[in-house]
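Reading through the structure tokens given below for one structure.
The values are calculated or read from the model by the stated rules, or taken from the named source; none is laboratory data. Since the structure is predicted, the reported quantities are computational estimates derived from the model, not experimental observations. In this analysis, Cβ positions are derived from the backbone assuming ideal geometry, glycine residues included, and neighbour counts consider all displayed protein chains. Heavy atoms of the whole protein, side chains included, go into the accessibility calculation; ligands, DNA and RNA do not. Shrake-Rupley method; radii C 1.70, N 1.55, O 1.52, S 1.80 Å.
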Amino acid sequence: MSQIHAHNVLNMLLAAETPYTKESLKEAVIAEYGEGVRFHTCSQEGLTFDALLIFLLDRRKVVQDGDIITANKERMCNH
């Protein structure tokens, strides 16, 4: 099982030409990394997509406005 850093998902959001919804982001992540992908952050590892999204929302690294999810550049760390 591969572990991908959460920054990869944040970078997908930043590079998006059209906004993502939770479902379209999940589909894009699965298409890019596979169904069984797990994520890690600076403080956690082994996160599913759903757990990662909750983590990112709780820390305001992503924001949700209605169905649209966007990266919050001001809250992203730069490492």
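Every residue in segment 20-59 that is at positive phi and at pLDDT 95 or above, please. Listed by number, the list holds a single entry, 46.
Conditions tested, residue by residue: (1) touching a Leu at 6+ places or on another chain (Cβ under 9 Å); (2) acidic (Asp, Glu); (3) in contact (Cβ under 8 Å) with a residue 12 or more places away in the chain.
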| site | (1), (2), (3) |
| --- | --- |
| 2 | no, no, yes |
| 25 | yes, no, yes |
| 28 | no, no, yes |
| 36 | no, no, yes |
| 41 | yes, no, yes |
| 56 | yes, no, yes |
| 60 | no, no, yes |
| 65 | no, yes, no |
| 68 | no, no, yes |
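Quick check on residue 9: is it farther than 21 Å from residue 68 by Cβ and open to solvent by less than 60 Å² (accessible area, probe 1.4 Å)? When the stated conditions are applied, residue 9 does not pass them. Scanning segment 32-79 for residues that are under 14 Å from residue 7 (Cβ atoms), over 11 Å from the mean Cα position of the chain (by Cα) and small (Gly, Ala, Ser) returns a single hit, 43.
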